[in-house]
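See structure below.
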Amino acid sequence: MKQALLKIKSTVPLTNDVFKTVLEGDVGTLKAGQFIDIKLKGFTLRRPISVCDFDDNSITIVYKTVGEGTLALSSLPKGKILDVLTELGNGYVITKIPKNAQVVLVGGGLGVPPLYGLAKNLKKQNINFDMVLGFNSDKEIILYNEFLNLGVNTVVTTADGSCGVKGFVTQADLKNKYVFACGPVPMLKAVYEVCADGQFSFETRMACGFGVCQGCTIQTTQGFLRVCADGPVFTKEQIVW
């Protein structure tokens, strides 16, 4: 964990209630699948938000304005300095991919952004993979063009059939595939039941964000583990539903 003062470089809307904010400064050493925890004036608890993209001096986050805290964050001006905890959680581990495995990245809704940084890393290492992005409707689609610009074969599913394949992400062929997944728990469970193996990033409410309060535990084959400190990424063999 690293505490840093980061400056807002830009904030742009992606949909009516989803925003992309770029923070710059001494961001630390990040890995795909990790998250940051932002302190906001007037709020007791920090706001944990997954990392979408990063480099040596910037972090890109994509978040939905689901409450007063994220709404306040989306309204902050360019140049505003924020107190941010970075390097939080355990991210995806590319070295765990079995030899000759067929790899698929599966994201649902706000579970899509953390997969962007992972996709860039896989590309750099010349690892072939496909993308499956799931949304409720075409009005909620985010980052689709960004994945296409990486040269990734990307399939979109929508629950109402307004774009791409009608249905859920499991409409895609995930059998015998090694999956990197991020999204709501029902989606993760559905993917878990059909894929061969993989790594799953859990979305859960967090209070402290770094393992002290024990408020985000889930049951695993190793007992109860904290999503914030022991996750948010867990392997398929660790998960107990």
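List of remarks:
- Residue within region 46-53 that is more than 21 Å from residue 201 (Cα to Cα) and either in a loop (DSSP other than H, G, I, E, B) or among the hydroxyl-bearing types (Ser, Thr, Tyr) (or both) present: no
- Condition met for residue 27 (under 15 Å from residue 73 (Cα atoms), surrounded by 13 or more Cβ atoms within 10 Å (Cβ to Cβ), within 18 Å of the chain's Cα centre (by Cα) and of a type in the set (A, V, I, L, M)): no
- Here is the figure for region 196-224: residues that are in contact with a helix residue (DSSP H, G or I) (Cβ under 8 Å, 6 or more places away or on another chain) and either in the same structural domain as residue 36 (by TED's automatic domain parsing) or not in a loop (DSSP other than H, G, I, E, B) (or both) total 8.
- Cross-chain or 6+ apart pairs with Cβ under 8 Å, region 61-85 first and within 15 Å of residue 109 (Cβ to Cβ), then loosely packed, with under 14 Cβ neighbours inside 10 Å: 65/71
- Tabulated pairs, region 146-173, first closer than 24 Å to residue 189 by Cβ, second in a loop (DSSP other than H, G, I, E, B) and among the small types (Gly, Ala, Ser), C-beta under 6 angstrom, 6+ apart or interchain: 155/172; 156/164; 157/164; 157/167; 158/137; 158/164; 160/137
- Where helices (runs of 4 or more DSSP H) fall wholly inside region 98-195, the ranges with 2 or more residues that are under 23 Å from residue 216 (Cβ atoms) are 113-124, 185-194.
The values are calculated or read from the model by the stated rules, or taken from the named source; none is laboratory data. Since the model is a prediction, treat every value here as computed from it, not as a measurement. In this analysis, Cβ positions are derived from the backbone assuming ideal geometry, glycine residues included, and neighbour counts consider all displayed protein chains.
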